[in-house]
Amino acid sequence: MGCAPEAPGAGAGRIVLLTTSHRVAPGLLSWPAWQALRTADRVLCADPDHPQLPYLREAGVTVETARPAARELVDLCADGGRTVVVVAGAEGEPELTDGLARLAGSGRGAMPELELLPGSYDLPGARLLDLVRVMDRIRAECPWSGTRTSEDLVKYGIEEVYELAEAIEEGDREALREELGDVLLQVVFHARIAEEDPDEPFSVDDVAGTIVEKLIHRHPHVFGDETAETPEEVKAHWLRTKAAEKRRESVTEGVPLGQPALALAAKLAGRARTAGIDVPPAGEGVGRELLALAARAEAEGTDPETALRAAARAYRDAIRAAEAAARGAEPVRRAE
């Protein structure tokens, strides 16, 4: 009569695969991670340059730089029911985990208890650190990107913003995610170039810090003692704090004249209306009529640029329908 097989993990020890995020400062580990490291019989790490190792050793944790095979690790744990912590590299330990899975699936002998223990977690926005790191390398090693100036990139930034607007207008979620990334790249690229300025350098951290300070200052109803119950009150707060910051002599200051004409007209009309300045449309002919339409749309809460673009898309579809009718075919429609 045969003996029943030994239950997995019974007296066979324990293997803890400790993973960490490279996006969190080394040494900042969770309490369960520190407990596992301090109570383990042995701690192994295959990478002698792992960023966590100096901090673990400083904390009194002995780390052996070794890469045992799955069978060797199982046998090591079985020797007295030991607990072994494996500090995983940036890519995990796929070869080791695959080997352990094969051993567990074979049913040959007892397996140690297996535990995956995250030692640190990514915070929201952590992937932005990857973007900064990748941009640093591209700037240093790419013959094209390494020689660009902010002036060189202006046209690309304009193109990316238009592509983002198109993705939003068409309701294409996949394109929206991609185009937001392209716009974000422009910000990081310009900031990386700015770091090299010999007279007035600044970094992407300075850019982020500036906008954070601005947002907090211009939202006293969120971060301060003021209140705002409606979008109109929020806008009033924003304009009031912005005016105090800029100390401008005219409401037209800060309005970029290089933007599309319809958006420019609406922006100027909105500034005048908010300031209580009643100025009739200037110019003559069609230009004056368009300016009046833009001012009217802005006053009614409609963005004339967006409205005209929507009308233009509908007009495009009508043209295609007419062309298809002339050919006796179904109209070709763009995927929305």
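The values are calculated or read from the model by the stated rules, or taken from the named source; none is laboratory data. What you are looking at is a predicted structure, and each value in this text was computed from that prediction instead of being measured. Note that we place each Cβ from the backbone using ideal geometry, even for glycine, and neighbour counts take in every protein chain shown. Heads up: the accessible areas ignore ligands, DNA and RNA and are worked out on the full protein's heavy atoms, side chains in. Shrake-Rupley method; radii C 1.70, N 1.55, O 1.52, S 1.80 Å.
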From the list 207, 161, 187, which residue is open to solvent by less than 90 Å² (accessible area, probe 1.4 Å) and closer than 24 Å to residue 270 by Cβ? 161
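Looking at 98, 136, can you tell me which residue is under 26 Å from residue 206 (Cα atoms) and open to solvent by 50 Å² or more (accessible area, probe 1.4 Å)? Let's see the steps before the verdict.
Working: 98 fails: under 26 Å from residue 206 (Cα atoms).
None of the others qualify; the one that does is 136.
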Residues that are under 31 Å from the mean Cα position of the chain (by Cα) and of a type in the set (Ser, Thr, Tyr): does the stretch 243-252 have at least one? no
When the stretch 213-232 is examined, which residues are found to be modelled with pLDDT of 85 or more, part of a helix (DSSP H, G or I), loosely packed, with under 14 Cβ neighbours inside 10 Å and not β-branched (Val, Ile, Thr)? 213, 214, 215, 223, 231
Looking at the stretch 21-37, which of its residues are surrounded by fewer than 16 Cβ atoms within 10 Å (Cβ to Cβ) and not in a loop (DSSP other than H, G, I, E, B)? 31, 32, 34, 35
Being over 24 Å from residue 215 (Cβ atoms), free of Cβ contacts under 8 Å to residues at least 24 places away in the same chain and over 35 Å from the mean Cα position of the chain (by Cα) narrows 273, 296, 316 down to just 296
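Select from the stretch 279-290 the residues that are at pLDDT 90 or above and open to solvent by 50 Å² or more (accessible area, probe 1.4 Å) and write down the one among them that is nearest to the chain's Cα centre (by Cα). I'd like the intermediate steps shown before the answer.
Of all residues in the stretch 279-290, those at pLDDT 90 or above come to 285-290.
Subsequent filtering for residues that are open to solvent by 50 Å² or more (accessible area, probe 1.4 Å) retains 286, 288-290.
Details: 286: 44, 288: 43, 289: 43, 290: 39 Å.
This residue is 290.
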Report the residue count in the stretch 291-305 for those that are open to solvent by 70 Å² or more (accessible area, probe 1.4 Å) and part of a helix (DSSP H, G or I). 2
Being of a type in the set (Lys, Arg) and surrounded by fewer than 15 Cβ atoms within 10 Å (Cβ to Cβ) is the filter here; which residues of the stretch 38-61 pass it? 38, 57
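Filter the stretch 62-95 down to the residues that are closer than 22 Å to residue 34 by Cα and assigned to a helix (DSSP H, G or I), then identify the one that is most open to solvent (accessible area, probe 1.4 Å).
The initial filter retains those residues of the stretch 62-95 that are closer than 22 Å to residue 34 by Cα, namely 62-67, 73, 76-77, 81-93.
Those left that are additionally assigned to a helix (DSSP H, G or I): 73, 76-77.
Values: 73: 0, 76: 34, 77: 0 Å².
By that ranking, first place goes to 76.
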All but one of (1) among the small types (Gly, Ala, Ser); (2) assigned to a helix (DSSP H, G or I); (3) open to solvent by less than 50 Å² (accessible area, probe 1.4 Å); (4) farther than 30 Å from residue 155 by Cβ hold for residue 244; which doesn't? (3)
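Any residue in the stretch 316-328 that is outside any loop (DSSP other than H, G, I, E, B), acidic (Asp, Glu) and under 28 Å from residue 219 (Cβ atoms)?
no
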Restricting attention to the stretch 174-182, does a residue exist that is farther than 22 Å from residue 133 by Cβ, of a type outside the set (A, V, I, L, M) and either in contact with a Pro (Cβ under 7 Å, 6 or more places away or on another chain) or in contact (Cβ under 8 Å) with a residue 24 or more places away in the chain (or both)? no
Do you know which of the residues in the stretch 264-276 that are out of contact with any Pro (no Cβ under 9 Å at 6 or more places or on another chain) and open to solvent by less than 80 Å² (accessible area, probe 1.4 Å) is modelled with the highest pLDDT? 268
So residue 106 passes all but one of these: (1) open to solvent by 60 Å² or more (accessible area, probe 1.4 Å); (2) free of Cβ contacts under 8 Å to residues at least 12 places away in the same chain; (3) farther than 25 Å from residue 22 by Cα. Which condition number does it fail? (1)
If we keep only residues of the stretch 72-123 that are closer than 27 Å to residue 29 by Cα and among the acidic types (Asp, Glu), then the residue farthest from the chain's Cα centre (by Cα) is 113
Based on this model, can you work out whether residue 120 counts as open to solvent by less than 60 Å² (accessible area, probe 1.4 Å) and at pLDDT 95 or above? no
Some residue of the stretch 223-232 being more than 19 Å from residue 153 (Cα to Cα) and in contact with a Phe, Trp or Tyr (Cβ under 9 Å, 6 or more places away or on another chain): no
Output the number of the condition that residue 251 fails; it satisfies all remaining conditions of (1) outside any loop (DSSP other than H, G, I, E, B); (2) modelled with pLDDT under 90; (3) of a type in the set (A, V, I, L, M). (1)
